[in-house]
1. For region A:40-52, state whether one or more residues are away from every other protein chain (no Cβ under 11 Å) and farther than 25 Å from A:Pro112 by Cα.
2. Do you know which of the residues in region A:79-107 that are among the small types (Gly, Ala, Ser) and out of contact with any Cys (no Cβ under 8 Å at 6 or more places or on another chain) is modelled with the lowest pLDDT?
3. Anything in region B:22-49 that is open to solvent by less than 50 Å² (accessible area, probe 1.4 Å), farther than 25 Å from A:Gln6 by Cβ and in contact with an Asp or Glu (Cβ under 8 Å, 6 or more places away or on another chain)? List them, or say none.
4. Can you give me the ranges of the strands (runs of 3 or more DSSP E) entirely in region B:1-109 with at least 1 residues that are more than 14 Å from chain A (Cβ to nearest Cβ), in contact (Cβ under 8 Å) with a residue 60 or more places away in the chain and farther than 27 Å from A:Ser58 by Cα?
5. Determine which member of the set B:Lys67, B:Lys19, B:Lys52, B:Lys71 is touching a His at 6+ places or on another chain (Cβ under 7 Å), surrounded by fewer than 19 Cβ atoms within 10 Å (Cβ to Cβ) and farther than 13 Å from B:Phe104 by Cα.
6. Residue check: is A:Val110 of a type outside the set (Ser, Thr, Tyr) and in contact with a helix residue (DSSP H, G or I) (Cβ under 6 Å, 6 or more places away or on another chain)?
7. Quick check: is even one residue across region A:83-103 at the interface with another protein chain (Cβ under 9 Å from one of its Cβ atoms), within 14 Å of the chain's Cα centre (by Cα) and β-branched (Val, Ile, Thr)?
Amino acid sequence: GNSVTQMEGPVTLSEEAFLTINCTYTATGYPSLFWYVQYPGEGLQLLLKATKADDKGSNKGFEATYRKETTSFHLEKGSVQVSDSAVYFCALNPPTGNQFYFGTGTSLTVIP
Amino acid sequence: DTAVSQTPKYLVTQMGNDKSIKCEQNLGHDTMYWYKQDSKKFLKIMFSYNNKELIINETVPNRFSPKSPDKAHLNLHINSLELGDSAVYFCASSQEGYSKGAFFGQGTRLTVV
């Protein structure tokens, strides 16, 4: 079956610290992989995506690389800001069908 | 120009009532979804619907029913509301085979008292 496993939070970092949020997946074939961000009181916004192995998605200083060999799509940012405080969701879309499978979300708080 | 819009944003109602949440997308997508987000931020898919089929998460009580008057709308009807239905409900849409991800509405916070 299809599933996504994310590291549990909450995660608390100081401003300018390095961020990693781990995400691994189980899927048949080659799914598309996504990271979504949810700011307080808002809906989910697409942060970045990758559609095939070794692709790197990037946006707003965040990056994630599609690793087929380790079935992972870890989210990284070199220097976090207070404004990055949010909940981050890893998700996959299988190659057939139009379903999205989400991880449980990781809450990030960045303190000044 | 909101891509996926849902109304109302907040809904407070008494147990036993029937309520609806509306959702509209102007992206021309062929698939729409309803998700429930609980207090721990866990997202649970409730329904996905396109013009071919409705896929229902078997754990969703039959008090919940989606209604799609056309391709751009997918409303959520809830009968006999219970306290445990309190949550944030998100509508989303996507285009099959497009790999651009799903686009979400801003959410409806439902509180059952």
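The values are calculated or read from the model by the stated rules, or taken from the named source; none is laboratory data. Predicted, not measured: the structure shown is a model, and the values here were computed from it. Cβ sites come from the backbone with ideal geometry, for glycine too, and all protein chains shown count toward neighbours. Heavy atoms of the whole protein, side chains included, go into the accessibility calculation; ligands, DNA and RNA do not. Shrake-Rupley method; radii C 1.70, N 1.55, O 1.52, S 1.80 Å.
1. Among the residues of region A:40-52, not one is away from every other protein chain (no Cβ under 11 Å) and farther than 25 Å from A:Pro112 by Cα, which makes the answer no.
2. Within region A:79-107, the subset among the small types (Gly, Ala, Ser) is A:79, A:83, A:85-86, A:91, A:97, A:103, A:105, A:107.
With out of contact with any Cys (no Cβ under 8 Å at 6 or more places or on another chain) added as a condition, the list becomes A:79, A:83, A:85-86, A:91, A:97, A:105, A:107.
On the way: A:Ser79: 96, A:Ser83: 96, A:Ser85: 97, A:Ala86: 97, A:Ala91: 95, A:Gly97: 72, A:Gly105: 95, A:Ser107: 96.
Going through the qualifying residues, I end up with A:Gly97.
3. B:Asp30 - this is the single residue of region B:22-49 that is open to solvent by less than 50 Å² (accessible area, probe 1.4 Å), farther than 25 Å from A:Gln6 by Cβ and in contact with an Asp or Glu (Cβ under 8 Å, 6 or more places away or on another chain).
4. Numbers: elements: B:4-7, B:10-13, B:19-25, B:31-37, B:43-50, B:54-56, B:64-67, B:75-78, B:87-94.
Counting at least 1 such residues, we get B:10-13, B:19-25, B:75-78.
5. Values: B:Lys19 fails: touching a His at 6+ places or on another chain (Cβ under 7 Å); B:Lys52 fails: touching a His at 6+ places or on another chain (Cβ under 7 Å); B:Lys71 fails: touching a His at 6+ places or on another chain (Cβ under 7 Å).
Checking each option against the conditions leaves just B:Lys67.
6. On the way: of a type outside the set (Ser, Thr, Tyr): yes; in contact with a helix residue (DSSP H, G or I) (Cβ under 6 Å, 6 or more places away or on another chain): yes.
Spelling it out, A:Val110 is indeed of a type outside the set (Ser, Thr, Tyr) and in contact with a helix residue (DSSP H, G or I) (Cβ under 6 Å, 6 or more places away or on another chain).
7. yes
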